[in-house]
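A.B. asks: Following this message is one structure expressed as structure tokens.
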Amino acid sequence: MDIFAVAWLPFVLLIGVWFWFARRNGMQARGSSGSTMIELYEQQVAETRRMNGFLERIATSLEKREK
């Protein structure tokens, strides 16, 4: 059992370090524009809401024309 643990220790340690770096840098990662991933996501959400507003106005306008 002891040899088994020693054999897997480097692999487990490598995965642990990888997770640590991923959690530490994950949401602070910078895109090509210099913005963090969270900032890019918030910009995308705002743009989607703006586009939905435009589409709703177009749909309302088309419904009024049909009546």
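A.B. asks: Using a 1.4 Å probe on the protein heavy atoms only, what accessible surface does Phe11 show? Give it in Å² to the nearest 10.
C.D. replies: Solvent-accessible area, nearest 10 Å²: 110 Å².
A.B. asks: Hey, another quick one. When all protein chains stay in place, what accessible area (Å², nearest 10, 1.4 Å probe) is found for Phe19?
C.D. replies: About 110 Å², ignoring ligands and nucleic acids.
A.B. asks: Still on this model: What distance in nm separates the two pseudo spin-label positions at Phe11 and Lys64, each 7 Å out from Cα along the beta-carbon direction?
C.D. replies: Label-label distance for Phe11 and Lys64, simple model: 6.7 nm.
A.B. asks: Give me the number: length gained by fully extending Phe21 to Glu56, i.e. 0.36 nm times residue separation minus the C-alpha to C-alpha distance, one decimal in nm. Could you put the intermediate results ahead of the total?
C.D. replies: Numbers: separation 35, 0.36 × 35 = 12.60 nm, distance 4.29 nm.
Answer, rounded to one decimal: 8.3 nm.
The values are calculated or read from the model by the stated rules, or taken from the named source; none is laboratory data. What you are looking at is a predicted structure, and each value in this text was computed from that prediction instead of being measured. Note: ideal-geometry Cβ built from the backbone for every residue, glycine included; neighbour counts use all protein chains shown. Just the protein is used for accessible areas: all its heavy atoms, side chains included, with ligands, DNA and RNA removed. Shrake-Rupley method; radii C 1.70, N 1.55, O 1.52, S 1.80 Å.
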